[in-house]
1. Would a scan of the stretch 356-374 turn up a residue that is within 16 Å of ligand 2 (Cβ to nearest atom) and either in a loop (DSSP other than H, G, I, E, B) or assigned by TED's automatic domain parsing to the domain that holds residue 109 (or both)?
2. From the list 151, 85, 113, which one is assigned by TED's automatic domain parsing to the domain that holds residue 70 and surrounded by fewer than 21 Cβ atoms within 10 Å (Cβ to Cβ)?
3. Need pairs with beta-carbon distance below 7 Å; first residue closer than 13 Å to residue 239 by Cβ and within the stretch 149-165, second within 11 Å of ligand 2 (Cβ to nearest atom); sequence gap 6+ or separate chains.
4. Do you know which residues across the stretch 170-198 are surrounded by 15 or more Cβ atoms within 10 Å (Cβ to Cβ), within 15 Å of ligand 1 (Cβ to nearest atom) and not in a loop (DSSP other than H, G, I, E, B)?
5. Which one of the conditions (1) touching a helix residue (DSSP H, G or I) at 6+ places or on another chain (Cβ under 6 Å); (2) closer than 23 Å to residue 402 by Cβ; (3) more than 13 Å from ligand 1 (Cβ to nearest atom) does residue 299 fail to meet, given that it meets all the rest?
6. Is it true that some residue in the stretch 444-454 is under 20 Å from the mean Cα position of the chain (by Cα) and either in a strand (DSSP E or B) or more than 16 Å from ligand 2 (Cβ to nearest atom) (or both)?
Ligand SMILES: C[S@@+](CC[C@H](N)C(=O)[O-])C[C@H]1O[C@@H](n2cnc3c(N)ncnc32)[C@H](O)[C@@H]1O
Ligand code: SF4
C-alpha cells in the first residue's frame, strides 16, 4: 500500500491514481509525500518517503506554459514522471502504462505528434507492448476520424434498463421488472427530447454520421416502446448501432424491428462462454443462448461481441476458450474488457478483489495476439480506474468494420447530441481545443420527474 500525500489538493486526485496503481502491486506499507513549486522557468518536484531514512529526491524540469489549464496539465505530467521513477525504485515494480493514468492514451499519442513514440517509451515509461498497441490503434482509427467536425455529428440515446443487474456492472441501469411503470413515461420523455435534438441538428444543417442507442440493454424494452424510440433515430446516418447485449432480449420480433428501422450494428455480448461464470456474475443466460441469438442476428447486422478478462474464478484456459470461441464465430467486432470494479457494482460491495496482475496480463496478451492473428485490428481503446493489472479495454474490428461512434467518443473530436437519463451531450470546438458538456439526470426516475429542467438545460446548451 502506498500512503500518498500531496501538498496541493488540486493535484491530489490525478496523482493519487498513480500511487494507487502501485498499491495494487505491493504488500509493503510505503509513504510517498509530493511537494512542488514553480520557479523561474522551471518546476521543482520534491519526493520524500519513510521507506529509507532521510529519503528525499528533487527533480527539476524546464517549464513554460500558455494558460493556467496548460500549466496544470504539464505540471501533472512532470510530477507523474518524477513519481513513477521513485515508486519503481521504492517498490521494485513497473506498470504496463508507466506513469500514464488517463482514460485516453490514444488521444494523447495523437496530440504529441511525431515524437509520440519516443515520449511514451522514454518519458512516460510505457512498456513496448502497450506502446505498440496504442500506435497500432491510432493508425487504424485514422481511417474513420471525423474530417469535418463542424458539419458531422453523432446522436446518442441512453436506455438504462436491463433484464437483471450483472454483478460486476456499475452503469446506472434498472431492472425492467422493478420499474415496469416507468418504461412508458421514460419513452414519452425520450421521444420529446430526441425530437428537439433532431430539430436543432436540422436547423444547424449538420449531418449525423453515427447513431448509437446504448444502455443498459435497449432491446429489453417492449417492442411497442422501442419502435417509437427507433423511429426518432432514423436520420440517414451510415452507422446505426443498438447495444443489445443480452441474448435473451434478442427475440425474432425485436431483431425484425431493428432491421425495419435501418439498424446496421448490434451487440450480442457473451462476456464469457463459460456457463458457470455466467451464473456467478448474474447474467441469467447461457452460452447456448448467445449462439442462437448470434446465428439469427448476424444475417441482419454487423455484430459486436464483448468479452471480459478476469471474471471471478476464471482461469487463463477459461478466458482463452472464450476468446477462441468468439473468433470462431467471426463477428465484425470483438471488444475485450478487463474487469474493473467501481462503486455501485455488487462485486465491489461484497468486497471482491480483482487483483491478480500477472494473470490479467496473460489474459489480455492472449486476446491481443489471438484476435489480431485472426485478422482483426485494434481500433479504439480506453482505460478505467480500478481495473485488474491497470490494463485496458480494446475494441478490435475486421478491417472494414470499425465503429465510428466508438472512435469519436474516445478521441473526443465530434459533437454528440445525447438524449436520455445519464446521457451527456458534448459540443466540440477543435480549433479552440474546447469541449463543453451538458449532463442529464443519471437515474431514469429523476430524468422523468425533472424532465422540464432537462429540456430547459438542453435548450440553453444548444441555443447559446
Ligand atoms: C454498458 S455495458 C452494456 C452491454 C449490455 N447491456 C450487456 O450487458 O451485454 C457495455 C459493456 O461494458 C463491459 N463492462 C461493464 N461493466 C464492466 C466491468 N465492471 N468491467 C469490465 N467490463 C465491463 C461489458 O463487457 C459490457 O458488455
Ligand atoms: S452489463 Fe449490461 S446487462 Fe449487465 S447490468 Fe450492465 S448494462 Fe445491464
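The values are calculated or read from the model by the stated rules, or taken from the named source; none is laboratory data. Since the structure is predicted, the reported quantities are computational estimates derived from the model, not experimental observations. Neighbour counts run over all protein chains shown; Cβ positions are idealised from the backbone, glycine included.
1. Scanning the stretch 356-374, I find no residue that is within 16 Å of ligand 2 (Cβ to nearest atom) and either in a loop (DSSP other than H, G, I, E, B) or assigned by TED's automatic domain parsing to the domain that holds residue 109 (or both), so the answer is no.
2. 85
3. 156/214
4. 174, 176
5. In the conditions (1) touching a helix residue (DSSP H, G or I) at 6+ places or on another chain (Cβ under 6 Å); (2) closer than 23 Å to residue 402 by Cβ; (3) more than 13 Å from ligand 1 (Cβ to nearest atom), residue 299 misses (1) alone.
6. No, the stretch 444-454 contains no residue that is under 20 Å from the mean Cα position of the chain (by Cα) and either in a strand (DSSP E or B) or more than 16 Å from ligand 2 (Cβ to nearest atom) (or both).
So that you can scan it fast, the table gives a plain yes or no per residue for (1) modelled with pLDDT of 95 or more; (2) away from ligand 2 (no atom under 16 Å from the Cβ):
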residue	(1), (2)
125	yes, yes
131	yes, yes
153	yes, yes
164	no, no
176	no, no
180	no, yes
186	yes, no
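One line per residue, one yes/no per condition, for (1) within 18 Å of residue 264 (Cα to Cα); (2) assigned by TED's automatic domain parsing to the domain that holds residue 162; (3) within 16 Å of ligand 2 (Cβ to nearest atom):
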| residue | (1), (2), (3) |
| --- | --- |
| 199 | no, yes, no |
| 202 | no, yes, no |
| 205 | no, yes, no |
| 208 | yes, yes, no |
| 220 | no, yes, yes |
| 241 | yes, yes, yes |
| 246 | yes, yes, yes |
